[in-house]
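Please treat every number below as a calculation from the coordinates, not as lab data. For clarity, every value in this text was computed on a predicted model and none was experimentally measured. Counting neighbours? That spans all protein chains shown, and the Cβs are built from the backbone with ideal geometry, glycine included.
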Amino acid sequence: MSKKIVLCITGASGAIYGYRLLEVLYSMGFKIDLVISSSGFTVLWQELGKRKEDILLEFEGVNLIPQGRIDSPIASGSRLVSYRAVIVAPCSMSTLAHIVHGTNQNLIHRVCEVALKERVPLLLLVREAPYSAIHLENMLRAVKAGATVMPASPGFYHRPKSMEELVDFMVGKVLDSLRIEHSLYRRWREDDP
C-alpha cells in the first residue's frame with residue numbers, strides 16, 4: 001500500500017493534532033506532502049510555539065507546499081491517485097464549507113476536491129464546538145460525497161493520564177480509519193482475554 005500522504009493543517013484550534021500526525025507519520029516513513037494554511041501557521045505558533053522554519057528543521061524531507069500553489073502536482077487527480085490518503089487535521093468549519101461547496105480558494109480546498117472525485121480517502125478531523133446546523137449539514141454533505149468526518153473528541157476508556165495521551169488517542173483513531181497500524185493508545189478491553 002502507498003506510503004504517500006497529504007497532510008493539511010488549517011486554522012482551527014487543535015494544531016496539536018496535525019503536528020502529532022506529522023510526527024507519527026514521519027516516524028513511520030511516510031512521504032508527506034504538507035500544506036498549512038496561513039491561519040494554520042498562526043495557530044501552530046499560538047498553540048505550540050512552532051513556526052514554518054521549525055517544521056522544516058524538524059521534519060527534513062517533508063514537502064511543505066504553499067497554500068497558494070494551486071499548480072502543485074497534488075492538485076491533479078492523475079498524481080493524487082497514487083496517495084494513501086488526504087488528511088485535514090484540524091479541519092476548520094470554513095475549510096469544510098469550501099470543500100463541500102466546491103469553492104476552491106487555496107490548495108487545501110483543491111486537493112480535498114480532487115480526493116473526493118478520485119476516491120482517494122479523505123479524512124477531515126473537524127474542530128469546533130458547539131456545532132451549528134450549518135456545520136452539521138456540511139459534515140453530512142462531506143460524508144455523502146465520500147469523506148470520513150471525525151470530530152476531535154477523544155475517548156476516555158483508556159484512562160488517559162496526560163494531554164499527550166488524549167491527543168494520541170485521536171491521532172490513533174485517524175490512523176485506524178486509514179488502516180495504518182500503530183500502538184498509540186490502549187484499545188477497548190485490550191487486556192481482557
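Observations on the model:
- Ranked by the mean number of other Cβ atoms within 10 Å of their residues, highest first, the peptides 47-55, 79-87, 167-175, 149-157 come out as 167-175, 79-87, 149-157, 47-55.
- Charged side chains reduced to their Cβ positions (Lys and Arg at +1, Asp and Glu at -1) give the chain a dipole of some 460 debye around its Cα centre.
- For the set K4/K117; K50/K144; K3/K117, the pairs lying more than 30 angstrom apart at their alpha carbons are K50/K144.
- Selection among T10, F156, S94 by position relative to the dipole of the stretch 4-177 gives S94 as farthest towards the positive end (Cβ unit charges, Cα centre).
- Residues of the stretch 51-81 falling in the label zone of S38, defined by backbone nitrogen less than 12 Å from a point 7 Å along Cα to beta-carbon, are 67-68.
- Magnitude of the charge dipole, the stretch 62-176, Cβ model with Lys/Arg +1 and Asp/Glu -1, debye to 20: 200
- Spin-label pair R69-S94: with each label point 7 Å from Cα along the Cα-Cβ axis, the two points sit 2.2 nm from one another.
- Shown here is the pair-distance distribution of the chain: with all Cα-Cα distances grouped in 5 Å bins from zero up to the longest one, the shares run 1, 8, 17, 21, 22, 16, 9, 4, 1, 0, 0 percent.
- Here the label points at L56 and S78, each 7 Å from Cα along the C-beta direction, are separated by 3.0 nm in the simple model.
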